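For reference, the structure is listed below as structure tokens.
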């Protein structure tokens, strides 16, 4: 799910657009193919769901929106985001905290 990258950390996720509320919903899959399961209210139209995911990730990890970039999966439910300037340790703590809330 989280992997170290040259510019920060990448986060693999499974998006569920058009949900009742925007929230981190758990983990999708197991082992090396595990992804963060995220529900967003925004529909999958004109990039609105991707923008909602960027906002949620920026808030979750305490980053500016400009530090969160979609690396792959623009039109797919399976996505990978780059969290620029984030360390694995900080990302892990922030994600664990959010999943407990």
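If packing is taken as the average count of other Cβ atoms within 10 Å, what order do 83-92, 53-62 fall into, highest mean first?
Numbers: 83-92: 16.3, 53-62: 18.6.
The most tightly packed comes first, giving 53-62, 83-92.
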- Item | Part-to-part distance (alpha-carbon centres) for segment 10-26 and segment 49-101, which is given in Å | 11
- Show me 70-77, 26-33 ranked by packing, highest mean number of other Cβ atoms within 10 Å first. 70-77, 26-33
- Query: Going by alpha carbons, how many degrees (0 to 90, nearest 10) lie between the helix axis of 88-100 and the longest principal axis of the chain?
  - Reply: 50
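Just for the chain, what percent of DSSP beta bridges are antiparallel, to the closest 5? List each step's numbers first, then the result.
Working: 20 of 25 bridges.
Approximately 80 percent, going by the DSSP bridge assignments.
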- What is the chain by shape, rounded, prolate or oblate, if you read a ≥ b ≥ c off the alpha carbon gyration tensor as root eigenvalues and call it rounded for a/c under 1.5, prolate for a/b larger than b/c, and oblate otherwise? rounded
- Expressed as a whole-number percentage, the relative contact order of segment 2-100 with C-alpha contacts under 8 angstrom and at least six residues apart is 32
- Message: For the chain, take the longest principal axis of its alpha carbons; what is the angle in degrees between that and the long axis of helix 48-61, to the nearest 10 within 0 to 90?
- Response: 30
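Read-outs: derived from the displayed coordinates by stated rules, not from any lab. Here the structure is a predicted model, which means the values were calculated and not measured. Note: ideal-geometry Cβ built from the backbone for every residue, glycine included; neighbour counts use all protein chains shown.
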